[in-house]
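Since the structure comes first, as structure tokens, the remarks are kept for the end.
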Amino acid sequence: MIWVSWRQHRSQAIACLGLLAALTVYAIVVSTSMRTAFSHDGLAACLTRSQAGSCQAAISSFMSKFSSMVNIAFWAVLLIAPGLLGVLVGAPLIARELEYGTWRLAWSQTVPRTRWLATKLALVTGGLVVAGAAMTAVITWYREPMDRLTGHFFNNIYDFEGPVLTAYILCAFGFAVLAGLLLRRSIPAMVAAFIPWLAIRLAVEFLLRPRFQAPLTFRQNCAHGCSINTGVGAVPPETGHIGDWVLSITNSGSQTVTTYQPADRFWHFQFIEAGLFVVLTAAALGATIWLLHRRPA
Amino acid sequence: MAHDDAGGSAPALRADRLGRRYGQVWGLRDCTLEVPAGAIVGLVGPNGAGKTTLLEMIIGLLEPTEGQVSVFGAAAHAHMAARLARVSYVAQDHPLYRDFSVADMFRLGRAMNPSWDHGMAQARMDTLGIPPKRKVKTLSGGQQAQVSLTMALAKRTPLLVLDEPVSSLDPVARLEFMRDVMASAVGTGLTVIIASHVVSELERLCDWLIVLTGGHVRLAGPVDDLLAAHRLLTVPRPTSDAELPGLTIHRTDSDRHSTVLVRADAARLQALGRPGWQADPVGFEQLVMAYLQRSPQTAAADDTAAAAAQPRPLAKEVTR
């Protein structure tokens, strides 16, 4: 059965490796120039000397050079990439058998169809976990100089530097496998799985994630003028501590009130969110196995 | 009955009031059958009669809505693994993985079947001249059918089920395919169920017949018994059905005579001797066609009447 699963998903695995290789090459090229600039501008020294804006010129020149490349160009692609990867692998897993009639072949062998499915799911899930972990590692390494300035708690950076990335992929995969069994067609199953995945993904990011734990508040008296860094994405952030995730800044009289999630909650948040998506994945895959076992269709 | 692991004494196939509903429509209903081991069974019926439904419930690909089906004593879900180990299946259009090579398909067969006979599979490909390195999608329809058949045979099960195995093949490929099926069955005690529209093929191969129309079994039993239980009568017009000895299956009226295919037990057929009446034995194809042409409504009414007259279902009665 292991060989059968491998043979059927071989081309997907190779395509995945190809994508990963392309990503790695891109990461090496960009990251090398970023690392060169980082040390050339002496930013490391600035950071050690003081947390609060003594190297503003150097930082803003570095940021203007790389932030658009690192933060924006990638964002749209990377937002949907884990979902695309998941549904592309997941949707055909059962739907293709139903589309081409090969389910009659596959499920009339001596291995019962539930074991056939369980083996395939275990192996493909394993493959996706490895791919997700590799992507996470490459992106984390690639962004490392930038992370030293901005931290990795922001939206769309957070999404790629921890277990959540793998969890997103698995969730899209699970939805797509289930949709494939229900809709019996690969392409409609991809669409039907991707849309709820994206909806949940965005809802979690913008509605739930800021509230995983109650945010902290930082008050600053600006009677004599505040630091020049105002705004949610400032470096260093309003709270003065790199890595804090600033949610909002409001001015009340002479005070600015900053609500934020402190940097040390990063891993806690990662595991909460990854757990949420893993639970969704398990529910979808569990439902698939149960439905196939009963198979009233 | 008890679950018989050896499968020695159990019938190859036993169905008991088996039924399957699709939404509001019954695809198959009240199917009661007992096929002995070693039979070569022809399953005939128009499209949509429930042939594939019956076959898929035999394999375990489809769950019955009601009733039971067992293969060599291995019943439904409780013995799913045992059932799968006893039956191999060549589905309609012989599905294979198109981007696999023949050798890959066989490796899949070996991986998924403990009883797989790899030597036999390879030897058959050699005999047929199909190179194992060839991709499935580059093979002709006849070759693909042969690869499917080989996979089913190499599974080494006591029951082989074929669903329209030759419908997409040219006449020569048909002939070769059926010849190979028979060659595998002869002397091995293999039980074979073949669903097919090609009645003439079945006549040559089968010693058992099941006719299915409108989701019901209309006729089932050993071919010899069925032929013996039917006569083609030529009677002067007008002769009403009520005067005939037995049940009218099919009737053709010409100017002066009526030709009627009737079913009756031997004693009543013996007693038949009215002047001007002629009774001829029935051919296989004639018999099948008569049952296929009977409207499902008439057939249902007759079967209900027969069931009311006798407590045993018709199919079982003919079997014995």
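The values are calculated or read from the model by the stated rules, or taken from the named source; none is laboratory data. Because the structure is a prediction, the values reported are computed rather than measured. Don't worry about glycine lacking a Cβ; one is built from the backbone with ideal geometry, like all the others, and counts go over all protein chains shown. Remember, those area values only see protein heavy atoms, side chains included, never the ligands or the DNA or RNA. Shrake-Rupley method; radii C 1.70, N 1.55, O 1.52, S 1.80 Å.
For region A:212-246, the set of residues classified as loosely packed, with under 15 Cβ neighbours inside 10 Å and modelled with pLDDT of 65 or more consists of A:Gln213, A:Ala214, A:Leu216, A:Thr217, A:Arg219, A:Asn221, A:Cys222, listed by residue number. Taking the conditions exactly as written (in a helix (DSSP H, G or I) and within 14 Å of chain A (Cβ to nearest Cβ)), does B:Val147 satisfy them or not? Here the answer is yes, as B:Val147 does meet what is asked. Taken over region B:209-228, the criterion of being hydrophobic (A, V, I, L, M, F, W, C) and open to solvent by 10 Å² or more (accessible area, probe 1.4 Å) is satisfied by B:Val217, B:Val223, B:Leu227, B:Ala228. The requirement of being under 22 Å from B:Gly60 (Cβ atoms), outside the structural domain of B:Phe284 (by TED's automatic domain parsing) and open to solvent by less than 10 Å² (accessible area, probe 1.4 Å) is satisfied by B:Thr150. Selection within region B:64-87: residues that are in contact (Cβ under 8 Å) with a residue 24 or more places away in the chain and facing chain A (nearest Cβ under 7 Å). The member of this set that is farthest from B:Thr32 (Cα to Cα) is B:Ala85. Would you mind finding the one in A:Ala274, A:Ala283 that is assigned to a helix (DSSP H, G or I) and surrounded by fewer than 16 Cβ atoms within 10 Å (Cβ to Cβ)? The conditions single out A:Ala283. Selection of region B:19-35 for residues being open to solvent by 10 Å² or more (accessible area, probe 1.4 Å) and either polar (S, T, N, Q) or away from chain A (no Cβ under 14 Å) (or both) yields B:Gln24, B:Val25, B:Trp26, B:Arg29, B:Asp30, B:Thr32, B:Glu34.
Can you confirm whether region B:36-57 contains a residue that is open to solvent by less than 30 Å² (accessible area, probe 1.4 Å), in contact (Cβ under 8 Å) with a residue 24 or more places away in the chain and closer than 17 Å to A:Thr110 by Cβ? Looking for residues that are open to solvent by less than 30 Å² (accessible area, probe 1.4 Å), in contact (Cβ under 8 Å) with a residue 24 or more places away in the chain and closer than 17 Å to A:Thr110 by Cβ, one finds none in region B:36-57, hence no. Being at pLDDT 90 or above and surrounded by fewer than 18 Cβ atoms within 10 Å (Cβ to Cβ) is the requirement here; does B:Arg14 meet it? When the stated conditions are applied, B:Arg14 does not pass them.
Only one of the listed residues (A:Trp116, A:Trp141) is within 14 Å of chain B (Cβ to nearest Cβ), in a helix (DSSP H, G or I), surrounded by fewer than 23 Cβ atoms within 10 Å (Cβ to Cβ) and of a type in the set (A, V, I, L, M, F, W, C). That residue is A:Trp116. Here B:Arg156 meets each of (1) buried (at least 16 other Cβ atoms within 10 Å of the Cβ); (2) within 23 Å of A:Tyr100 (Cβ to Cβ) with one exception, condition (2). Those strands (runs of 3 or more DSSP E) of region B:161-269 in which at least 2 residues are of a type outside the set (D, E, K, R) and in the same structural domain as B:Gln24 (by TED's automatic domain parsing), considering only elements entirely within it, cover B:191-195, B:208-213, B:216-222. Taking the listed residues A:Leu121, A:Leu98, A:Leu88, the one that is assigned to a helix (DSSP H, G or I), among the hydrophobic types (A, V, I, L, M, F, W, C) and within 14 Å of chain B (Cβ to nearest Cβ) is A:Leu98, with no other qualifying. Taking (1) farther than 16 Å from B:Val136 by Cβ; (2) surrounded by 21 or more Cβ atoms within 10 Å (Cβ to Cβ); (3) at the interface with chain A (Cβ under 7 Å from one of its Cβ atoms) in turn, B:Ala91 satisfies each apart from (1). Of all residues in region B:101-115, those satisfying the criterion of being facing chain A (nearest Cβ under 8 Å) and either in a helix (DSSP H, G or I) or surrounded by 20 or more Cβ atoms within 10 Å (Cβ to Cβ) (or both) are B:Asp104, B:Arg107, B:Leu108, B:Gly109, B:Ala111, B:Met112, B:Asn113.
Filtering A:Ala167, A:Ala189, A:Ala122, A:Ala131 for residues that are out of contact with any helix residue (DSSP H, G or I) (no Cβ under 6 Å at 6 or more places or on another chain) and either at pLDDT 90 or above or over 30 Å from B:Phe106 (Cα atoms) (or both) leaves a single hit, A:Ala122.
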